[in-house]
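Visitor: Shown below is the structure under consideration.
Since every read-out is calculated from the coordinates, none of them should be taken as a lab result. Being a predicted model, the structure only gives us computed values, none of them experimental. Cβ sites come from the backbone with ideal geometry, for glycine too, and all protein chains shown count toward neighbours.
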Amino acid sequence: MIAARFRKSGESIPAIYAAFAAAVDTPDCHARLRRAAEAGLVLTPTLVATYMSHAEAKRLLGVLPANQRSGCDLYLRQFDGVSDVVRARILEAGRRLVGMVVAADVPLLAGTDAPTFCAAPGESLVLELQMLADGGLSPISVLQAATSLPARVFDAEERFGVLAVGRHADLVLLSENPLTTARAYVHPVGVYTQGYWYDAGALAALRQRQ
């Protein structure tokens, strides 16, 4: 919706976000979400592509691969001159939207559209999970949004989404319980993928190579 309006009107992205923030919690929005739930639709809100804070976007600019930083820098410059009040309203709209989707029983998937805007691969998914939790998604639903639910939606439960014999061995080991806090995703102990184990040191080295 936002992208379509941007292409049609030529308005700035901050102006469109602010307009959406002012109108997100309306009877029409609630009714549309109820119809989406009745139709069996799922939603990938990509909150980091729309509702990421300016401070987080600047932080991710520093971890983006060099060939992707110009797009993030251009995105950030569009918010020059936007007041803190307007920015806060946009962020709050994102939280309200998640709460509305949860209340309507529309299943949520975790996605980021990385590397668009300032969505750094990996880092942005961790932030997306935290934003889903901040919006009211339960800890187990946050975990499922990035694991078993995508497998079910894309009819790929025999390949990934759960820990089981015969499934793809793509694993993230955490030092905290993700059912207790979404912060558990921030500092993984290691990642196992494609037959290789990457501990925290190896993951840090990979980031440095970008």
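Visitor: According to a simple spin-label model (label point 7 Å from Cα along Cα-to-Cβ), what is the distance in nm between ASP155 and VAL63?
Guide: Computed distance between label sites VAL63 and ASP155 equals 3.6 nm.
Visitor: Also, quick follow-up: Would you please put 101-108, 179-186 in order of how densely packed they are, using the mean number of other Cβ atoms within 10 angstrom per residue and starting with the highest?
Guide: Going from most to least packed, we get 101-108, 179-186.
Visitor: Which of the three applies to region 115-195, rounded, prolate or oblate, going by the alpha-carbon gyration tensor with a ≥ b ≥ c and a/c under 1.5 meaning rounded?
Guide: In terms of gyration-tensor shape, rounded.
Visitor: Given R₀ = 30 Å, what would the calculated FRET efficiency be for VAL42 paired with ARG89, taking r from the Cβ atoms and rounding to 0.05?
Guide: The calculated FRET efficiency here is 0.65.
Visitor: Can you give the FRET efficiency to the nearest 0.05 for ALA15 and TYR196, using r as the Cβ-Cβ distance and R₀ = 45 Å?
Guide: For ALA15 and TYR196, the calculated efficiency is 0.45.
Visitor: Then there's this: Might you report the magnitude of the Cβ-based charge dipole of the chain about its Cα centre, with Lys and Arg at +1 and Asp and Glu at -1, to the nearest 20 debye?
Guide: Dipole about the Cα centre, nearest 20: 400 debye.
Visitor: Whole-Hz ³J(HN,Hα) for each residue in region 33-43, computed from phi via Karplus 6.51 cos²θ - 1.76 cosθ + 1.60 with θ = phi - 60°, x for glycine and proline: what do you get?
Guide: 5, 5, 5, 4, 5, 5, 7, x, 7, 10, 10
Visitor: A follow-up question, please. If you bin every alpha carbon distance in region 2-161 into 10 Å steps from zero, what whole percent lands in each bin?
Guide: Here the calculated profile for region 2-161 is 10, 36, 37, 15, 1.
Visitor: Taking Cα pairs under 8 Å and at least six residues apart, what relative contact order does the chain come out at, in percent?
Guide: Normalised by residue count, the contact order of the chain is 19 percent.
Visitor: Using a Förster radius of 45 Å, what is the FRET efficiency between LEU174 and ALA22 based on their Cβ-Cβ separation? Nearest 0.05, please.
Guide: According to the calculation, E is roughly 0.75.
Visitor: I've got another one for you. Whole number please: convex hull volume per residue, Cα atoms of region 169-210, in Å³.
Guide: 74 Å³
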